[in-house]
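Some notes on the structure that comes next.
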Amino acid sequence: MGRRRRLGRAFYRRDPRVVAPELLGKVLVSGGLAARIVEVEAYCGAEDPGSHAFRGMTRRNATMFGPAGHLYVYFTYGMHWCANAVCGDEGTGVAVLLRAAEPLSGLDEMWARRPRARRERDLLAGPARLCQAFGLTGVHDGIDLVAAEQGVAIVDDGTPPPHDPSVGSRIGLTSGADLPWRWCLPGSAFLSKPA
């Protein structure tokens, strides 16, 4: 991996449908853990019936309406955490879900947190698995990815996003499932579901 540069606020302060495919190939880091992002989904606030922000701000989704470049972490199905990078202008409630990543470093720690994973490709294949392997929970909701004061950031190591990413519909939704707002790194073995 080359020299790592944290993504700036301006990177996130755009439409999540622009940010999402550009996050492919970037590296999520936390302490000694690092993983290359291979699958993402965009969520577009009031225009998106699949978004937590569709009906406005609540205590649960307040981070989505905050400044771009923060981490929105929420609990789902009564058992899993999921992490999103907040995008757009403050007050719009838009974000990109981190769906899957390829482990790069800190695998021993990831395996310790995900002892039931059978293969390396399963460690981070899905948003809940990614959060579990990285130890991301509700205490990380609202942290600043740009300042990285709490040790979590998304960095650019010089690997460009794919020129022609795979595009598909989002996973696990009842409303807005038809929208083609999921992007994947073509040919990656680490996806949560083939594109």
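A few comments on the model shown:
- Averaged over its residues, the chain has an accessible area of 46 Å² per residue, based on protein heavy atoms and a 1.4 Å probe.
- Projected label points at A46 and D89, each 7 Å from Cα along the beta carbon direction, are separated by 1.1 nanometres.
- Remark: the chain carries a charge dipole of roughly 380 debye about the Cα centre, counting +1 on each Lys and Arg Cβ and -1 on each Asp and Glu Cβ.
- Here region 74-119 has 49 percent of its accessible surface on carbon and sulfur atoms, given a 1.4 Å probe and all protein chains in place.
- Extreme residue, positive dipole direction of the chain, given options A112, S30, M79 (C-beta unit charges): A112
- Here the dipole of region 147-194 is about 280 debye; that uses its Cα centre as origin and unit charges on the Cβ of Lys and Arg (positive) and Asp and Glu (negative).
- Measuring gaps between exposed loop sites in the chain (GluC sites (Glu not before Pro); DSSP loop; at most 13 other Cβ atoms within 10 Å), the longest gap, sites not included, is 1-89.
- Highest to lowest packing among 185-195, 97-107, scored as the average C-beta count within 10 Å: 97-107, 185-195
- Of all accessible heavy-atom area on region 1-53, the percent that carbon and sulfur account for (1.4 Å): 47 percent
- Helical contribution to [θ] at 222 nm, DSSP H n ≥ 4, -39,500 (n - 2.57), averaged over the chain, rounded to 500: -3500 deg cm²/dmol
- Shape box of region 1-98 [Cα atoms, principal axes, largest first, Å]: 42, 31, 19
- Contour minus Cα-Cα distance for S175 and R118 (0.36 nm per residue): 17.3 nm
- Computed from the Kirkwood radius of its Cα pairs, the Stokes-Einstein diffusion coefficient for the chain at 25 °C and 0.890 mPa s stands at 151 µm²/s.
The values are calculated or read from the model by the stated rules, or taken from the named source; none is laboratory data. Everything numeric in this text was worked out from a predicted model, so none of it was measured. Note: ideal-geometry Cβ built from the backbone for every residue, glycine included; neighbour counts use all protein chains shown. Keep in mind that these areas ignore ligands, DNA and RNA; they rest on the heavy atoms of the full protein, side chains included. Shrake-Rupley method; radii C 1.70, N 1.55, O 1.52, S 1.80 Å.
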